[in-house]
Amino acid sequence: TNFGNVLVNNASQDTSYLQSQLKDIALIIDLGGNDWYANVNIPIIDFTGNDVYESNEDWVLGSGTFDVNFLVDLNGDDQYTVRSGGIGSSLFGVSFFWDLNGNDKYRCKQYCLATSFGGVSIFIDEAGHDDYHSSQLSQSVAIAGGYSILADFNGNDSYYSKGETTSGYGEPGQ
C-alpha cells in the first residue's frame, strides 16, 4: 500500500511481533496462533488465538497518537498490558479497539482503556468474562475536548480503577 507493507501471517503459527522488527509494516493480519505483540503500535487484525499484547512503552496497542490506529482481535482469551496510554486510547488522534470474543484481561497504569486527550477513543468488547484493572484516569475518560466510549456487551466482567494514594474514604492505594 501507499502507507507500507501488509503482513499476513499463517493460521498455524505462534508468532512474536516486536515493533522494532516492523519498520516497513503498515498493517498486521494474523490468521491464528497464540501470538505475542510487544510494543506494537500499528494496526492489527488478529483472527484467533490466546494472544498476549504488552508494552513497556506509552501510547501503544491500538492507540491513535496524532493519527488513526486500530486493534481488532476476533477470538481468544487474550491479555493486554501497558504502562501508560494504550489499549485503544488516543492522544489528539483516533483509536478503535474491538475484541469480539474471549475471556480477556486488561492491565494498565493510567491513560488507557478508551482514554482520549483531544481525540476520539472507541473501545468495544463484545463477549466473554473480562477483567479490567487500572490505576487512574482510565476506562473511558475524556480530557481536553476528547470523546471516549468503552462498551462491553456481554459477560460477567470485573472493573477496578484506583490510584496509588489513599482515597477520601480511607481505602489504601494499590
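Against the condition within 22 Å of Q19 (Cα to Cα), free of Cβ contacts under 8 Å to residues at least 60 places away in the same chain and open to solvent by less than 40 Å² (accessible area, probe 1.4 Å), how does S134 come out, does it pass? No; evaluated as a whole, the condition is false for this residue. The residue that is most open to solvent (accessible area, probe 1.4 Å), among those in the range 1-14 that are closer than 20 Å to T48 by Cα and at pLDDT 90 or above, is V8. Only one of the numbered conditions (1) part of a strand (DSSP E or B); (2) at pLDDT 95 or above is violated by G128, and that is (1).
Residue under question is G145, and the condition is that it be touching a strand residue (DSSP E or B) at 6+ places or on another chain (Cβ under 6 Å), outside any strand (DSSP E or B) and farther than 17 Å from D78 by Cβ; does it hold? Against the criterion (touching a strand residue (DSSP E or B) at 6+ places or on another chain (Cβ under 6 Å), outside any strand (DSSP E or B) and farther than 17 Å from D78 by Cβ), G145 does not qualify. Of all the listed residues (L100, L74), the sole one being free of Cβ contacts under 8 Å to residues at least 40 places away in the same chain and more than 19 Å from W36 (Cβ to Cβ) is L100. Which of the residues that make up the range 108-152 are of a type in the set (G, A, S) and closer than 11 Å to V94 by Cα? Across the range 108-152, the qualifying residues are A114, S116, G118, G119, S121, G146, S148.
Regarding G155, is this residue farther than 17 Å from V60 by Cα, out of contact with any helix residue (DSSP H, G or I) (no Cβ under 6 Å at 6 or more places or on another chain), exposed (fewer than 15 other Cβ atoms within 10 Å of the Cβ) and in contact (Cβ under 8 Å) with a residue 12 or more places away in the chain? No: the conditions fail for G155.
The values are calculated or read from the model by the stated rules, or taken from the named source; none is laboratory data. Since this is a predicted model, take the numbers as computed values, not measurements. Note that we place each Cβ from the backbone using ideal geometry, even for glycine, and neighbour counts take in every protein chain shown. These area figures cover heavy atoms from the full protein model, side chains too; ligands, DNA and RNA do not enter into them. Shrake-Rupley method; radii C 1.70, N 1.55, O 1.52, S 1.80 Å.
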